[in-house]
1. About its Cα centre, how strong a charge dipole does the chain have in debye, to the nearest 20, once Lys and Arg get +1 and Asp and Glu get -1 at the Cβ?
2. For a quick check: sort 57, 11 by the number of other beta carbons within 10 angstrom, fewest at the front.
3. Can you give me the C-alpha center-to-center distance between the range 1-24 and the range 28-74, rounded to a whole angstrom?
4. When 1/r is averaged over all different Cα pairs and the result inverted, which Kirkwood radius in Å belongs to the range 6-73?
5. Can you put 44, 50 in order of Cβ neighbours within 10 angstrom, beginning with the fewest?
6. Over the range 6-73, what is the relative contact order in percent, taking alpha-carbon pairs closer than 8 angstrom and at least six residues apart?
7. Taking the dipole about the Cα centre of the chain, with the C-beta of Lys and Arg at +1 and of Asp and Glu at -1, give me whichever of 14, 44, 69 is farthest to the positive side.
8. Output the 0 to 90 degree angle, nearest 10, between the alpha-carbon long axis of helix 49-64 and the longest principal axis computed from the alpha carbons of the chain.
Amino acid sequence: MLKLKLTTIGSSVGVILPKEALARLKVDKGDSIFLTEEKDGFRVTPFDPVFEKTMESARKVMKRRRNALRELAK
């Protein structure tokens, strides 16, 4: 477990993530991370749940229309 300290950043409050947390999340300066609420607290992740839901829908369409997409790719 890592203890994080809240700090003032401009007129906002932010959290500085230590290098080891960035390495484990596989993110770097400029990347986006997401804070999602769970039953027992919050979760910080580089995983975008909205994007994944969109991709899931796209995969279903691509699977259903596989032949048409192959013809369009020619």
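1. 560 debye
2. Arranged by neighbour count, lowest to highest, 57, 11 become 11, 57.
3. Measuring centre to centre over Cα atoms gives 26 Å.
4. After inverting the pairwise mean of 1/r, the radius is 15.4 Å.
5. Least crowded to most crowded, the residues run 50, 44.
6. 16 percent
7. Comparing the listed Cα positions along the dipole, 69 ranks first.
8. With rounding to tens, the tilt is 10 degrees.
Read-outs throughout are calculated quantities, based only on the coordinates presented, and are distinct from any laboratory measurement. Since we're looking at a predicted model, the values are computed, not measured. Counting neighbours? That spans all protein chains shown, and the Cβs are built from the backbone with ideal geometry, glycine included.
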